[in-house]
């Protein structure tokens, strides 16, 4: 059996678009949030400043993605999973990905994650204003998958499983009838050179339903998994839960501080007990206080060494289902405003990437 293929999840929100200009101010990108971050407790690692090897890049420059792919490949990462934003035919943040498709650069495997939720202002923890609503229809399902077959899946770099394009759905529970949507997608793909499609969902957002019953081939254990700490417990049971897992405050009312190592151990146990085909996921960290004025979720005490231990542990559990179904998902390559990035920063330099390579080469 071949080695696992690590895929890093990639956020393309590092260039201005009219919708963000209108919502947040002219020239807004993710870097605006990153730069204004500040510590909220003693020893809190904020702001996250990109290392000089990365810088505050602008994805309107196609060479940035070439540089990123080179860095990822050098450290054992197989490909990128780009967030894809589709709203009834309207796409957002598509310029850098379109440039990549048009130029053929970088020559690096990739797939799409459809971020199928409303485009809102809820990042700041106060304003839930909807900028663009995600509306569903079976007609749009056909239009969407046909667009992907013609413009994306046909790219020679697109990641496949047994010649089936890998397509990831972020939040399947938001669909009025995801099973019917998948049937439509499969019907349309059957008319192309691929004949079949490999559709995967985030395990966290299945709401307890079995993926195969809906038409999914597998799931991904997306990180962080809110099921592990946003429990519906109450009273003294809830208090014991908070104490046991070192949650300092009740989740999502105020800033929640969670211990990274406690979480990774809980996540490993949870993943080992999943009873269907599920690809593992790990994260270098998580801290969205740069985005949220209140209600931030912060994983404290995260370090490259602890991330390394998590990667070693998950690879001891997961060896791949077979030579084709052997992905692990690293969240994320560049979620800077969520304190969750493999890209080098001033604090840790390239240690996350260094340990990724070290562990992958030793397994």
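The numbers here are math on the coordinates, done by the rules we state, and not lab data. In this text, all values refer to a predicted model and were calculated from it rather than measured experimentally. Ideal geometry is used to build each Cβ from the backbone, glycine not excepted, and the neighbour counts take in all protein chains shown.
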query: Gap in Å between the Cα centre of segment 260-311 and the Cα centre of segment 1-37?
result: 20 Å
Difference of contour (0.36 nm per residue) and Cα-Cα distance, residue 362 to residue 156: 71.2 nm
- prompt: In Å, what Rg and Dmax follow from the Cα atoms of segment 1-48?
  reply: 16.6, 51
- prompt: What number, in percent, do you get for the relative contact order of the chain if the mean sequence gap of Cα pairs under 8 Å and at least 6 apart is divided by its residue count?
  reply: 21 percent
- prompt: Distance in nm between label sites at residue 269 and residue 163, each 7 Å beyond Cα in the beta-carbon direction?
  reply: 4.5 nm
